[in-house]
């Protein structure tokens, strides 16, 4: 597939979020892209040149749909990239990337602290099912990363900030290590978002975004994206993972995310600002044992985050309280403004405890092993969020 056209290249990210992928509807003149729910499209009269596993021609929804294609233009533009592939979920995008790049005998180096689905894919599935060698390391320790990359390493995968401890990894340094050893680098950029961080400009080969989160921003649609300048491999991902595995996004979800993405830069700037205020308040609060947020000078990755995150430090805080699992759950349930639920990046603030019995807890730094909470800041007034956190902590005796 050809490089994505971006008529608004060189404009600011807010202008690109509004205008890229948008055009008049050719039939009605409407200034909003229509929703096309069709799963089949008219074929050309001459079928001799048609490749039924291609995504170049609209023919069947699994090969692509118009709403998907328009959203891909916008996501590529937000990252300043040549191409983007939009799929059914963030995990669908991760799987599509790994499925396409890896084969039996390859080696993958991935973080000790990572999203649950990445942990499952590499700790359990790709190695046991397909014979891929999967090695966990502390990605904040460059010497450990160097030692883990051996001949046969095909891919290094990182998250930064990571889920759920909000640690920061040096993208440029790990890109250099990976490339010197013939490996590719993929970066899950979901916690940062393309407003705050553009991994391709720092040397990454592939970026993954869970569009479900900050880019959609309204908690009402699932989607994921792979972003890259490697057009040849992106075509392979479309052929192998989209068309022939089938994790295609529905037109309706693509339409919803396209709509949500228009306000993404505005929302993200507000979330950056609010999250900084709340993190600073939490750090001073009695019975809060730690606060992990890259915008705080106390964060071990703060100086690195200042270098590689352009506009802010994101909307997720991890913090701890001096309490057992049951008390932490009671605290979350006592909140009135903040919603006790999984996910992140919504318009409403979301909070979720990380229990001490989670099998991955011993992979995290020691301070994260008791009273650990992941908090996604939304668009409410920050003073209201702070007041809500305060009253709920007091209610459970903290």
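Exactly one residue out of 145, 166 is at positive phi and surrounded by 19 or more Cβ atoms within 10 Å (Cβ to Cβ), and it is 166.
In segment 1-27, the residues that are free of Cβ contacts under 8 Å to residues at least 12 places away in the same chain never reach a residue that is part of a helix (DSSP H, G or I) with C-beta atoms less than 7 angstrom apart, at least six apart or across chains. Taken over segment 309-329, residues that are in contact with a helix residue (DSSP H, G or I) (Cβ under 8 Å, 6 or more places away or on another chain), part of a loop (DSSP other than H, G, I, E, B) and farther than 22 Å from residue 172 by Cα amount to 2. Each residue in segment 19-50 was checked for being assigned to a helix (DSSP H, G or I) and surrounded by fewer than 16 Cβ atoms within 10 Å (Cβ to Cβ), and 0 of them qualify. For residue 318, the conditions (1) closer than 17 Å to residue 116 by Cβ; (2) more than 19 Å from the chain's Cα centre (by Cα); (3) surrounded by 21 or more Cβ atoms within 10 Å (Cβ to Cβ) are fulfilled apart from (2).
The number of residues in segment 257-308 that are in a helix (DSSP H, G or I) and farther than 30 Å from residue 32 by Cβ comes to 17. Hey, could you check segment 86-113 for residues that are part of a loop (DSSP other than H, G, I, E, B) and in contact (Cβ under 8 Å) with a residue 60 or more places away in the chain and say which is farthest from the chain's Cα centre (by Cα)? Result: 112.
Check segment 253-276 and report whether any residue there is over 28 Å from residue 382 (Cα atoms) and surrounded by fewer than 24 Cβ atoms within 10 Å (Cβ to Cβ).
yes
Apart from one condition, residue 64 fits all of (1) at negative phi; (2) surrounded by 17 or more Cβ atoms within 10 Å (Cβ to Cβ); (3) touching a helix residue (DSSP H, G or I) at 6+ places or on another chain (Cβ under 9 Å); the exception is (1).
Computed from the coordinates by the stated procedures, all read-outs in this text should not be read as laboratory data. Because the structure is predicted, anything quoted here is derived from the model rather than measured. Here the Cβ is made from the backbone with ideal geometry for all residues, glycine too, and neighbour counts use every protein chain on show.
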